[in-house]
């Protein structure tokens with residue numbers, strides 16, 4: 001590798017890493033200012049936040065990170081094509097509800113029930129996302145508006161189905177429990193601590209598949225090309241409308257299995273809100289932005305957000321509301337977007353200067 005290529009590689013790493021580091025540090029400083037105004041010691045806040053998690057909390061962080069990562073990859077698939085799929089929340093609610101009803105029915109025996117349930121959840125999420133995709137390509141309806149409205153429809157539809165066809169226990173409505181033969185064993189990594197959910201491995205599988213498809217396949221090329229310019233994509237023989245439909249369907253399919261690790265790992269039933277975790281879809285959107293739609297970035301962002309969520313419970317012991325961590329998360333995402341935009345402009349300017357110098361050198365030689 002030449003010296004010039006080495007400099008370019010180092011510059012690329014710098015442009016990718018430096019904005020995230022600056023954003024995280026800036027977000028922590030901004031949060032420290034807010035904490036200071038609340039009357040709580042900033043030092044005590046920092047000490048509490050960075051305390052090494054217990055083995056039990058470490059398992060919770062890993063489990064939660066797998067859910068966030070799946071939601072983030074669902075969002076990143078559309079982000080790569082400049083489609084704002086705000087409906088990850090609704091798609092994983094529909095997928096979870098459909099999967100829970102199917103799994104609890106025990107139609108497929110034993111471990112095969114797990115695989116069949118994943119397929120059902122993926123199909124439900126994909127079909128729900130296709131509603132917004134079809135409206136976009138046939139009627140020009142903004143996917144932001146349609147997916148956002150579909151979130152609320154999905155929440156109320158799932159609640160209605162559970163109340164109508166589920167079972168009631170006290171004031172709680174749920175689907176039936178999944179059979180014992182369809183409850184996979186988790187991975188015990190710490191003594192006297194909960195197991196890591198078996199289906200947390202889905203996040204790793206999706207991460208590998210996402211990286212390969214985006215960077216190594218014709219579909220990934222078409223996805224990126226359509227995202228950069230639909231006109232160029234059309235001139236290259238790519239059908240932009242078809243790409244929108246396929247991208248939204250795949251995104252919805254991934255969103256459909258977001259809650260499956262928790263469902264098979266500990267919940268074993270579905271019911272809103274007692275036996276279901278809402279909000280993962282919107283967290284996934286934030287982490288996808290934080291991770292710049294890359295597998296490594298999403299993995300880092302998922303662990304960071306999961307760590308902050310888990311540690312937020314400790315803040316109440318020092319008289320600080322746990323919502324302060326949500327402020328930190330929001331500021332991190334905001335500052336990452338700003339930092340990367342500044343970095344992009346600086347990089348573009350330097351590249352223009354480099355091209356100008358090369359042209360000047362060529363002109364002098366000629």
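A short reminder: the numbers here are calculations on the coordinates, not readings from a lab. All values derive from a computational prediction rather than experimental measurement. All Cβ positions, even for glycine, are placed from backbone atoms using ideal geometry, and neighbour counts span all protein chains on display.
Couple of notes before you dig in:
- Protection proxy ranking of 177-189, 85-97, by the mean of other Cβ atoms within 10 Å over each peptide's residues and highest first, is 85-97, 177-189.
- GNM top mover of 315, 199, 70 - the chain, alpha-carbon springs below 10 Å: 315
- Residue 215 paired with residue 193, simple spin-label distance in nm, labels 7 Å along Cα-to-beta-carbon: 3.0
- Computed [θ] at 222 nm, helices only, for the chain once each DSSP H run of length n ≥ 4 contributes -39500 (n - 2.57): -24500 deg cm²/dmol
- Overall Cα dimensions of region 53-306, principal axis frame, Å, largest first: 57, 41, 30
- With 0.36 nm allotted per residue and the present C-alpha distance subtracted, the residue 156-residue 300 stretch has 48.5 nm of extension available.
- FRET efficiency, 1/(1 + (r/R0)^6) with R0 41 Å, evaluated for residue 119 and residue 32 via beta carbons: 0.30
- The slack between residue 163 and residue 316, meaning 0.36 nm per residue of separation minus the straight C-alpha distance, is 51.6 nm.
- For region 227-277 versus region 38-101, the spacing of their alpha-carbon centroids is 16 Å.
- Extension gain, residue 180 to residue 326, is 48.9 nm, computed as 0.36 nm per intervening residue step minus the present C-alpha separation.
- Ordering of 221-231, 282-292 by packing [mean C-beta count within 10 Å, highest first]: 282-292, 221-231
- Against the chain, whose longest principal axis is taken from its Cα atoms, helix 240-256 shows a tilt of about 40°.
- Pair residue 360, residue 232: separation of 7 Å Cα→Cβ label points (nm): 2.8
- Peptides 19-26, 340-347, ordered by how many other C-beta atoms sit within 10 Å of their residues on average, highest first, read 19-26, 340-347.
- Inter-probe distance in nm under a simple model that places probes 7 Å from Cα toward Cβ, at residue 352 and residue 205: 4.8
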